[in-house]
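Only one structure is covered here, and it is reproduced in the block below.
The values are calculated or read from the model by the stated rules, or taken from the named source; none is laboratory data. Keep in mind that this is a model prediction, so the values were computed, not measured. Using ideal geometry, Cβ is built from the backbone for each residue, glycine included, and neighbour counts are taken over all protein chains shown. These area figures cover heavy atoms from the full protein model, side chains too; ligands, DNA and RNA do not enter into them. Shrake-Rupley method; radii C 1.70, N 1.55, O 1.52, S 1.80 Å.
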Amino acid sequence: MQNERTDNPPIDPALGLSPSDEHNLTLVDNVHPPNWQNPSPDGRYNLVVIGAGTAGLVAAGGAGAMGARVALVERHLMGGDCLNVGCVPSKAIIRSGRAVAEIRASAEVGVRATGDIEIDFASVMERMRRVRADISPHDSAQRFSEHYGVDVYLGDGRFTGSDTLDVDGASLRFSRALIATGARAAVPPIPGLADAGFLTNHDIFNLTEQPERLAVIGGGPIGCELAQTFARLGSRVTIIEMADQFLPREDPDAADLLLGALERDGVNVRLDTSVVRVETADGSKRLSLEDPTGTDRITVDVILVAVGRVPNIEGLNLEAAGVAHDRSGVRVNDFLQTTNRRIFASGDVCLAHKFTHTADAGSRAALQNALFPGPKKRLSKMVIPWCTYTDPEIAHVGLSEREAEEQGIDVTTIEVSMSEVDRALAEGQTAGFLKIHLETGKDAILGATIVARHAGDLISEITTAMVAGLGLGSFAGVIHPYPTHAEIIRKAADAYNRTRLTPRTSRLLKRWFSWTR
Ligand SMILES: Cc1cc2nc3c(=O)[nH]c(=O)nc-3n(C[C@H](O)[C@H](O)[C@H](O)COP(=O)(O)OP(=O)(O)OC[C@H]3O[C@@H](n4cnc5c(N)ncnc54)[C@H](O)[C@@H]3O)c2cc1C
């Protein structure tokens, strides 16, 4: 393995990271330093934060910067899922997959790459580990301790009362606490799966050798992103989803476009299909599949499970703290407060929208509500966008058409195809659309879906309008640089304004022009 020196010290197996190369060693030095000395608790903390993923880091850093006495407790790797086994490593390998797709499509723009494309999987993964290590100083124990003045404890946090937490024998007293312990991959109870062995997001980024045949169980965002990427990198991928569309929360037209894109990338797509059994044979894994037409089997080398997330609440002893919880996690009210008024929660452990940016926004709100008097921030007031980073990307904000209708709102949808956007034509990226949902007769935006190469960037303009209360019509007056993909939003505004041209206004305009000729 490149960069893996034989004299590298081994990484603590409990951290679940491999290989022990210079990048992973740098990562560990930052986010779980081997010789870290926990501080000795001395008096009551303003805020104790359990979990140092995005939700915990934002809260601890914010409170520390304002001068509060803060303890931050992490049992595994600071940075949590996002840095270590989520957003960062997935986006790094997606970049490599896109490079492959660009080369394969280059003949369409008149550039013929001759010969075979050589994909060096080990280098792709090494680059990912380097990117992750390069980002890790932002989330490091040293930075939070020295820069933000936070007491960083590496160990397991466990409540011992309504205002006390134990970390490996040290008792931390708090005025307020934030539970930010995140979530982990759910594992479906498929007979034989555990015995056959499988990967989740926790270990897939440890791979250094390419799986020749990969089965991805689950067609949500994580499953789709990784299925497409591994297929582009050369694995033979089958993706299996129980529902009859990918990304069940998304617009069906968006899911359809994604289906076509995955198939073009060579992914064997099995919608409406369940895995009913897994067996091992000759070192391979055999999956029995069931769909409405019957049963069949596929044989693979590696199985990736991506069927959803379960909250990390076991071991926290929430009962001792009087914090209610259920299967979806810690229960919070609209102010992110738990059933113990001193204890708040944020991030994947309690929120329905399990994203880094909602963990961030939730923690900012919880911090304000926990530490300061005055107006409280409400979860229900947040306008939450998200994006699945497949190619094309699928981004959404606000209500879908179906959700608006379920709420009894009469919806008008303005739709513009990417093929109407000059830049998309020039780039050869015309697959996609923008749909904006309005309350009929008004131009206030209820929600929007964008399918486009850079949909994740485009959605922010619409999110800004929703937060600022700007109607769609006002975009017609916003000058967009030509030619850009973002012009699709102005085109939607023009389309909306045309709908306001009533027969009476048309008649008046005709009269005006004949009078002024
Ligand atoms: C493959 C993948 C790709 C993703 N891509 C994106 C993306 O592109 N964009 C996006 O917005 N989101 C993405 N996400 C989701 C994102 O990673 C999560 O929403 C985000 O990390 C949640 O942050 P968190 O702080 O709530 O939880 P986490 O990041 O899970 O952090 C929780 C921390 O708490 C620690 N902990 C748990 N229990 C205890 C305890 N008892 N004591 C001490 N510490 C404890 C854990 O070790 C962990 O470090 C992705 C997720 C995955 C899996």
Take the residues of the range 489-517 that are in contact with a Phe, Trp or Tyr (Cβ under 8 Å, 6 or more places away or on another chain) and of a type in the set (A, V, I, L, M, F, W, C): which is farthest from Glu427 (Cα to Cα)? Ala493
Exactly one of Ala65, Ala113, Ala101 is away from the ligand (no atom under 16 Å from the Cβ), small (Gly, Ala, Ser) and at pLDDT below 95, and that one is Ala113
Can you name every residue in the range 276-301 that is of a type outside the set (Val, Ile, Thr), surrounded by fewer than 13 Cβ atoms within 10 Å (Cβ to Cβ) and either touching a Cys at 6+ places or on another chain (Cβ under 8 Å) or farther than 18 Å from Glu212 by Cβ (or both)? Pro292, Gly294, Asp296
Only one of Arg341, Arg309 is over 25 Å from Ile239 (Cα atoms) and charged (D, E, K, R), namely Arg341
Count of residues meeting criterion [within 9 Å of the ligand (Cβ to nearest atom) and polar (S, T, N, Q)] in the range 35-62: 1
Of all residues in the range 368-380, which are within 18 Å of Gly347 (Cβ to Cβ) and either open to solvent by 20 Å² or more (accessible area, probe 1.4 Å) or among the β-branched types (Val, Ile, Thr) (or both)? Gln368, Leu371, Lys377, Arg378, Leu379, Ser380
Residue check for Ala113: open to solvent by 50 Å² or more (accessible area, probe 1.4 Å), among the small types (Gly, Ala, Ser) and farther than 18 Å from Asp203 by Cβ: yes
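Would you confirm whether any residue within the range 491-500 is over 30 Å from His396 (Cβ atoms), basic (Lys, Arg), open to solvent by 50 Å² or more (accessible area, probe 1.4 Å) and assigned to a helix (DSSP H, G or I)?
no
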Conditions (1) under 30 Å from Leu367 (Cα atoms); (2) in contact with a Cys (Cβ under 6 Å, 6 or more places away or on another chain) -> Phe246 fails only (1)
List every residue pair whose Cβ atoms lie under 8 Å apart, where the two residues are 6 or more positions apart in sequence or sit on different chains, the first residue falls within the range 327-355 and is within 26 Å of Thr388 (Cα to Cα) and without any contact (Cβ under 8 Å) to a residue 60 or more places away in the chain, and the second residue, located anywhere, is surrounded by fewer than 16 Cβ atoms within 10 Å (Cβ to Cβ) and of a type in the set (Ser, Thr, Tyr). Ala352/Ser328
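From the list Arg184, Arg270, Arg213, Arg236, which residue is within 16 Å of the ligand (Cβ to nearest atom) and among the basic types (Lys, Arg)? I'd like the intermediate steps shown before the answer.
Working: Arg270 fails: within 16 Å of the ligand (Cβ to nearest atom); Arg213 fails: within 16 Å of the ligand (Cβ to nearest atom); Arg236 fails: within 16 Å of the ligand (Cβ to nearest atom).
Within the list Arg184, Arg270, Arg213, Arg236, the selection yields Arg184.
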Just to be sure before I move on: is Asp391 open to solvent by less than 30 Å² (accessible area, probe 1.4 Å) and closer than 23 Å to His454 by Cα in the structure I sent? yes
Output for the range 269-311, where each listed residue is out of contact with any Asp or Glu (no Cβ under 8 Å at 6 or more places or on another chain) and closer than 30 Å to Gln337 by Cβ: Gly308, Val310
Single condition Val323 does not satisfy, out of (1) open to solvent by less than 20 Å² (accessible area, probe 1.4 Å); (2) within 11 Å of the ligand (Cβ to nearest atom): (2)
Checking Leu287 against (1) touching a strand residue (DSSP E or B) at 6+ places or on another chain (Cβ under 8 Å); (2) within 16 Å of the ligand (Cβ to nearest atom), the condition it does not meet: (2)
3 or more residues under 22 Å from the mean Cα position of the chain (by Cα): qualifying helices (runs of 4 or more DSSP H) within the range 1-100: 54-65, 80-85
Report every pair of residues separated by at least 6 positions or lying on different chains whose Cβ atoms are under 6 Å apart, first residue within the range 379-406 and among the small types (Gly, Ala, Ser) and away from the ligand (no atom under 13 Å from the Cβ), second assigned to a loop (DSSP other than H, G, I, E, B) and open to solvent by 20 Å² or more (accessible area, probe 1.4 Å). Ser380/Asp334
